[in-house]
1. Name the residue farthest towards the positive end of the dipole of the chain from the options I59, P42, N25, assuming +1 on Cβ of Lys and Arg, -1 on Cβ of Asp and Glu, about the Cα centre.
2. Sort L27, L60 so that the residue with the fewest other Cβ atoms within 10 Å of its own Cβ comes first and the one with the most comes last.
3. Hey, what number do you get for the chain at 222 nm if only DSSP H runs of n ≥ 4 count, each worth -39500 (n - 2.57), divided across all residues, to the nearest 500?
4. Can you tell me how the chain classifies by the Cα gyration tensor, rounded, prolate or oblate, using a/c under 1.5 as the rounded cut?
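Nothing in this text is a laboratory measurement; each read-out follows from the coordinates by a stated rule. What you are looking at is a predicted structure, and each value in this text was computed from that prediction instead of being measured. So basically every Cβ, Gly included, is an ideal-geometry build from the backbone, and we count neighbours across all protein chains shown.
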Amino acid sequence: KLSFLGLDFNVGPYPIIGSNEVLNNQLFHLNGSGEYPVTGGPSTRRIIDFNTIENSEAILPTGQSGNIFSKHYKDQAEKFVNGKFFKMLLNRKDIIKSKDKLVLLPE
């Protein structure tokens, strides 16, 4: 663990409910302090509606980007700990309507 990188790379801390044996699976170690820092948990949450796929939802515990300089690096963390979700775009019309364009130009 590189503690000097923690300020840049860590997301949170956020209080969250859960344990090893419940649907909101959060891993922690009993330490006798009354506070139990989470050491692991789900990498994603998804609710898939196979009857109407457009009603499916998802959330990431951090954000959409792995780039710490991106505005999306930790943009889903608060929603994740509060049990919120985003609508998944799973049909062509919705995907095309929401797309962004990234243009890379040589210097």
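1. Looking along the dipole axis, the top candidate is I59.
2. Listing L27, L60 from fewest to most nearby Cβ atoms yields L27, L60.
3. Rounded to the nearest 500, the figure is -3000 deg cm²/dmol.
4. Verdict is oblate for the chain.
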